[in-house]
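Before any comments, here is the structure.
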Amino acid sequence: MILNLDEIIHLKNQLSEKFGIALHLHDACGSQSFSFDMPVSEEIQNYISEYLKLLGGTAQFSPSGTRFLVQKSALDN
């Protein structure tokens, strides 16, 4: 699943306002990944997961909690 720029900007702004963290986008050849400067809390991971659920996606977080990928929700397949 690819997020459009409006969805990315909205998420970046919400994370900055609510949690004071920066979200970084890595975009390459039809895929996107996102990262943070440091590991994020379970609360932040849940916030991101709920936002993506509204868009029909899910977040797959790295074990370190510093990166995630967006995937299309299995319910939408």
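The values are calculated or read from the model by the stated rules, or taken from the named source; none is laboratory data. Note that the structure is predicted; figures quoted are calculated from it, not measured. Don't worry about glycine lacking a Cβ; one is built from the backbone with ideal geometry, like all the others, and counts go over all protein chains shown. The accessibility values were calculated without ligands, DNA or RNA, using every heavy atom of the protein model including side chains. Shrake-Rupley method; radii C 1.70, N 1.55, O 1.52, S 1.80 Å.
Among the residues of the range 25-77, those identified as part of a loop (DSSP other than H, G, I, E, B) and either touching a Phe, Trp or Tyr at 6+ places or on another chain (Cβ under 6 Å) or open to solvent by 50 Å² or more (accessible area, probe 1.4 Å) (or both) are 29, 30, 37, 38, 39, 41, 55, 63, 64, 66, 77. Within the bounds of the range 60-75, is there any residue that is aliphatic (A, V, I, L, M), over 11 Å from the mean Cα position of the chain (by Cα) and at pLDDT 95 or above? Within the range 60-75, not a single residue is aliphatic (A, V, I, L, M), over 11 Å from the mean Cα position of the chain (by Cα) and at pLDDT 95 or above. Of all residues in the range 11-59, those that are on the phi < 0 side of the Ramachandran plot, touching a residue at least 40 places away in the same chain (Cβ under 8 Å) and over 9 Å from the mean Cα position of the chain (by Cα) total 2.
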